[in-house]
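As C-alpha cells, the structure follows; a few thoughts come after it.
The values are calculated or read from the model by the stated rules, or taken from the named source; none is laboratory data. All figures in this text were calculated on a predicted structure; none of them were measured in a lab. Cβ placement follows ideal geometry from the backbone for every residue including glycine, while neighbour counts extend to all protein chains displayed. Please note that ligands, DNA and RNA were not included when accessible areas were found on the heavy atoms of the full protein model with its side chains. Shrake-Rupley method; radii C 1.70, N 1.55, O 1.52, S 1.80 Å.
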Amino acid sequence: MKSFADLGLAEPILRAVAAEGYTTPTPIQSAVIPVMMSGKDVLGIAQTGTGKTAAFVLPLLQRLVAVKQAGSTLMPKSCQALILAPTRELAAQILESIRGYGKFLHLSTALVVGGARAGPQIRALMPGGDILVATPGRLNDHLQSKHVRLDQTQAVVLDEADQMMDLGFMPQIRDLLARLPRQRQTLLFSATMPREIRGLADQFLNQPQEISVAPTAKPIERIEQSLVIVDAGKKPETLVALLADDAIDQAIVFVRTKHGADRVQQIVKQAGHYTVAIHADKTQGQRDRALAMFREGKIKILVATDIAARGIDVDGVSHIFNYDLPNIPEAYVHRIGRTARAGRSGHAISLCDRSEIGLALQIERLTGARLLPDAVRSARPPTRRPAGKSFGAKRAANDRVIPGGAKPASRRPTGSRGFSGGKRAA
C-alpha cells in the first residue's frame, strides 16, 4: 500500500489522518487494516513504536462509521467497541489517538482506568457510547457493580497483551472476554508471544489472521544498544556523566522500584536537570502532568518504573537509560522501545553491576543482541529467571557494591474522561 487512501478508509478518517501529518502507512498498518476491515480476528505480533495503535484504531473507526449509517442503537451502559490496555497512561494515549483520527466522526468515547475517582466514570458510562478504553482491573470493578455491560459489544481489542499478563490481569481478561457476545471481532496485539498469550488467543479468537511485522521480542534495529559494566555504588555518577551528552534531545531513565525512581530523580535534579519521576505511587494527576510536560519538551529527563514503560509515546525521545536492568527480560524490549519512534533512530544505554550480569545474559538470549564484553559473559554461568516471578511482582532493590570496571560494550543489533459526543469525542 502506498497511501492510506489505498486502504479503503472513509473520507473523514483520511482527512483526520492527513491532519495528523501521516501520508504512508507503516508495515503493520498495511497488513492489519485490510484484515480488520474484512471482519476477521487478528493476532498481531509487533514491536512497540511500529504504528500499532493506528493499525487497530483506524479500521475500528471505519466499522463504527458503518454502524452509525445502519442506525444501530445501544442499551444504556453498553459500548460498541472495547479496547483494553495494561496501564492508565497507555489507555489515555489510545483515547487521544481515537479522538485525533475520529475528530470528524462525532463519536462518543470514554476512559475507565484505575487511579481516578469512580463516580465520574459511573456517570459517564450510564448512557452508553461508541468506544470504551479501559484497564482490566477498573473495568472489572464496574462490571461487578453492574455499572457497565458488554453483551452488545461487537469488537474488542487487547493491546499489549503480554504486559497485561505480566501485571496479573489474566483472570480479569478471561472473565471480561467471557462476558462478550460470541459473535464479535477480537483483536489481540502483543510485542512478545509467550505460551500463555498463545493459549488465550486459541481460546477466545476465531480462526485469527496472524500478522507479525518483526521477529518476536527483537528490538527495533534503529536502536543502538550499549552496556556499561560499573560498580553499583558508582551508578549515580556514571548516569550523571552520561546525561551530560549534548546529543541527548530527551531521555527516559528506567529503574526497578518506586523508591529507586524517587532517589534517581533527585540525583538527576541535583546534576542540574529539570526532571520528574512517574511510578505507581504518583496520583493520576501527577502522572498526567508529568507526561504532558515531557511531551511538550518542558522536561528533558523523565525517570520511570516499568509500569510506565508502555505508556510513554513521545517521538522526541533520543536516549533510554536503564539505571537498573529489569528482572524480566521482556521488559527490556518495552523500555528501549520508547526511543526510535516515528522513523527516528535512538540509543539505549544500560548500567550493569556485577550482580546483574545474569539479567544481561537473559536479555541477550531474548533479543539476539550481544551487549556484554566476551570476557564478562564467559566468566560466569547465566542466571535463570526464578520460577513464578511476574512482571508485576515485588522486586528487590539491588544496591550491593561489587567491584567492576566502567568500560562500555556497544553493539548495534541488525482523572478519567467519560463518554462524550461531538468534537470533544474526536
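Brief remarks follow.
- Straight-line cross-link partners of residue 282 among the aspartates and glutamates, defined as a Cα under 16 Å from its Cα and at least 8 positions apart when in the same chain: 89, 262, 306.
- Shape call, the stretch 97-170: gyration tensor on alpha carbons, a/c limit 1.5: oblate
- At a probe radius of 1.4 angstrom, the accessible area of the chain per residue rounds to 42 square angstrom.
- Per principal axis, descending, Cα span of the chain in whole Å: 69, 42, 41
- Taking packing as the residue-averaged number of other Cβ atoms within 10 angstrom, the listed peptides 143-152, 351-360 run from highest to lowest as 351-360, 143-152.
- Of 40/77; 77/258; 2/52, pairs whose Cα-Cα distance is over 29 Å: 77/258
- Straight-line cross-link partners of residue 103 among the aspartates and glutamates, defined as a Cα under 17 Å from its Cα and at least 8 positions apart when in the same chain: 11, 20, 130.
- If R0 is 41 Å, the Cβ-Cβ spacing of residue 283 and residue 38 corresponds to a FRET efficiency of close to 0.45.
- Inter-label distance, nm, simple model (7 Å from Cα along the C-beta direction), residue 20/residue 355: 4.4 nm
- Cβ crowding within 10 Å averaged over residues, with 108-118, 262-272 ranked highest first: 108-118, 262-272
- Share of Cα-Cα pairs in the stretch 1-140 lying beyond 23 Å, as whole percent: 35 percent
- With helices as the sole contributors, the chain gives -10500 deg cm²/dmol at 222 nm; each DSSP H run of n ≥ 4 counts as -39500 (n - 2.57), and the sum is divided by every residue.
- Dipole magnitude (debye, nearest 20) for the chain, charges at Cβ of Lys, Arg, Asp, Glu: 620 debye
- All Cα-Cα separations within the stretch 109-215 were binned at 10 Å from zero, giving a P(r) of 13, 46, 32, 9, 0, each value a whole percent of the pairs.
- Nearest-20 debye value, the stretch 59-191 charge dipole, Cβ charges on Lys, Arg, Asp, Glu: 540 debye
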